[in-house]
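Structure below; questions to follow.
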Amino acid sequence: MPQEPEHHDAIGIIEPPHVRAELAFSAAAFLFAVFLWFNTGAELKTVKGASALNQPGFWSLLSIYGMLGFGVMNLGICIRRNLSTRQGAPMGPELLFWLRSAEFTGWFLAYVLIVPCLGYLPSTLLFSTALTLRLGYRSARFLWVSVGLSMAVVLFFRSFLQVKIPAGAAYELLPAGLRNLFLIYL
């Protein structure tokens, strides 16, 4: 795919090479911001007597307004660029490339669903090792690093930070002393 040459705008800023798929991304991001804005009334609560900065939803609302404002500007720029230049990479291949990232959303959802069944430690070990293999790291060194980092993360969150993560149903199958250790620390 030939690269589009750099070009300068009216004030001399170098614009990146044009990619038509950025229009689809801009439209999707803007529509998501509109969706969030329409749902703010049902989701964000206000506390009587509290200042605007102390309202529970202030920063969320500010973020949504920012998404709307910047989304309109970005969408306008993308539309203008697509109308003014007929050059650029075709949209299809890039959109397919973006859709490939949805695989990792699936991995995360599967992890979230399996933690209550297997428990935090076994699920983290299983998924980090599987993702290491999925990403193409097949040597024993990388697999051991994956296992070690998984153990460190679990111990850090459960023991040091004392994050309350639901215990897995599989922990009930362990002997009493070991089950208590897993329930409290792993």
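The values are calculated or read from the model by the stated rules, or taken from the named source; none is laboratory data. Quick caveat: nothing in here was measured; it's all calculated off a predicted structure. Methodologically, a virtual Cβ is constructed for each residue, glycine included, from the backbone with ideal geometry; neighbour enumeration extends over all protein chains shown. In case anyone asks, the SASA skips ligands and DNA or RNA and just uses the protein heavy atoms, side chains included. Shrake-Rupley method; radii C 1.70, N 1.55, O 1.52, S 1.80 Å.
Mind telling me which of the residues 100, 158 ends up being loosely packed, with under 11 Cβ neighbours inside 10 Å and charged (D, E, K, R)?
100
Considering only segment 164-186, state which residues are free of Cβ contacts under 8 Å to residues at least 12 places away in the same chain and surrounded by 14 or more Cβ atoms within 10 Å (Cβ to Cβ).
174, 179
From the list 101, 123, 150, exactly one residue is small (Gly, Ala, Ser) and either touching an Asp or Glu at 6+ places or on another chain (Cβ under 9 Å) or within 21 Å of residue 21 (Cα to Cα) (or both). Which is it?
101
Which pairs have Cβ atoms under 6 Å, sit 6 or more apart or on different chains, and link a residue in segment 33-55 that is free of Cβ contacts under 8 Å to residues at least 12 places away in the same chain and surrounded by 10 or more Cβ atoms within 10 Å (Cβ to Cβ) to one that is of a type in the set (Val, Ile, Thr) and part of a loop (DSSP other than H, G, I, E, B)?
55/46
Yes or no, residue by residue, for (1) more than 30 Å from residue 154 (Cβ to Cβ); (2) at pLDDT below 85; (3) open to solvent by 40 Å² or more (accessible area, probe 1.4 Å):
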{"site": "82", "(1), (2), (3)": "yes, yes, no"}
{"site": "87", "(1), (2), (3)": "yes, yes, yes"}
{"site": "105", "(1), (2), (3)": "no, no, yes"}
{"site": "130", "(1), (2), (3)": "no, no, no"}
{"site": "134", "(1), (2), (3)": "no, no, yes"}
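Tell me which residues, restricted to segment 105-147, are assigned to a helix (DSSP H, G or I) and either among the hydroxyl-bearing types (Ser, Thr, Tyr) or under 30 Å from residue 79 (Cβ atoms) (or both).
We begin by selecting, within segment 105-147, every residue assigned to a helix (DSSP H, G or I); these are 105-118, 120-134, 140-147.
Of everything in segment 105-147, those that are assigned to a helix (DSSP H, G or I) and either among the hydroxyl-bearing types (Ser, Thr, Tyr) or under 30 Å from residue 79 (Cβ atoms) (or both) turn out to be 105, 111, 120, 123, 124, 128, 129, 132, 146.
Would you check if residue 58 is without any contact (Cβ under 8 Å) to a residue 12 or more places away in the chain and either in contact with a helix residue (DSSP H, G or I) (Cβ under 7 Å, 6 or more places away or on another chain) or among the basic types (Lys, Arg) (or both)? Show your work before the answer.
On the way: without any contact (Cβ under 8 Å) to a residue 12 or more places away in the chain: yes; either in contact with a helix residue (DSSP H, G or I) (Cβ under 7 Å, 6 or more places away or on another chain) or among the basic types (Lys, Arg) (or both): yes.
The answer is yes for residue 58.
Considering 71, 76, which residue is assigned to a helix (DSSP H, G or I), open to solvent by less than 70 Å² (accessible area, probe 1.4 Å), under 16 Å from residue 26 (Cα atoms) and without any contact (Cβ under 8 Å) to a residue 12 or more places away in the chain?
76
Looking at residue 140 and the list (1) in contact (Cβ under 8 Å) with a residue 24 or more places away in the chain; (2) among the hydrophobic types (A, V, I, L, M, F, W, C); (3) farther than 23 Å from residue 184 by Cα, which single condition is not satisfied?
(1)
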